[in-house]
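Q: So that we are looking at the same thing, I have put the structure below in structure tokens.
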Amino acid sequence: MTRARFDELIHPSTRLSLVATLAAVDWAEFTFLRDRLALSDSALSKQLTTLEEAGYVLTERRLAGTRRKVRARLTSTGRQAFDGHVAALQAIVAGVAPPTSGQAP
């Protein structure tokens, strides 16, 4: 069972949407994420960097012909943080106060 744990890092709506999107796939292309979340390239890059520095996301840069492609995926740490955050939100909705902590360990 997932431990309910509110995560301040992924709670902002843009990051929560990004992590939720990544939780549903194995890998996601940068352009797919940008279009799905309606973000600029720079805004998405900033969010991915923040999540990558926290160990929640892994990005991979590779050449495809003459273009550089970027794709991202959720790490196991990121998946645990997301699952715990969703459980905490469900507990809030149910009227049960979850433990608060900031970031997942």
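The values are calculated or read from the model by the stated rules, or taken from the named source; none is laboratory data. Just so it is clear, the model here is predicted, and its values are computed rather than measured. Every residue, glycine as well, gets a Cβ built from its backbone with ideal geometry; the counts of neighbours run over all protein chains shown. Calculation scope for accessible area: heavy atoms of the full protein, side chains included, ligands and nucleic acids excluded. Shrake-Rupley method; radii C 1.70, N 1.55, O 1.52, S 1.80 Å.
Q: Kindly indicate the residue of the range 38-53 that is of a type in the set (A, V, I, L, M, F, W, C) and in contact with a helix residue (DSSP H, G or I) (Cβ under 8 Å, 6 or more places away or on another chain) and also surrounded by the most Cβ atoms within 10 Å (Cβ to Cβ) among those meeting that condition.
A: Quick first cut of the range 38-53, residues of a type in the set (A, V, I, L, M, F, W, C) only: 38-39, 43-44, 48, 51.
Remaining after also requiring in contact with a helix residue (DSSP H, G or I) (Cβ under 8 Å, 6 or more places away or on another chain): 39, 43-44, 48, 51.
Numbers: LEU39: 17, ALA43: 13, LEU44: 22, LEU48: 21, LEU51: 24.
Only one residue fits best here, namely LEU51.
Q: If a residue has to be assigned to a strand (DSSP E or B) and open to solvent by less than 60 Å² (accessible area, probe 1.4 Å) to count, how many in the range 67-94 make the cut?
A: Matching residues across the range 67-94 total 4.
Q: Would you be able to tell me the number of residues in the range 50-75 that are within 11 Å of the chain's Cα centre (by Cα) and polar (S, T, N, Q)?
A: Of the residues in that region, 2 qualify.
Q: Separate question: How many residues does the range 1-31 hold that are among the hydroxyl-bearing types (Ser, Thr, Tyr), without any contact (Cβ under 8 Å) to a residue 40 or more places away in the chain and either farther than 29 Å from ARG68 by Cβ or surrounded by 14 or more Cβ atoms within 10 Å (Cβ to Cβ) (or both)?
A: So the answer is 3.
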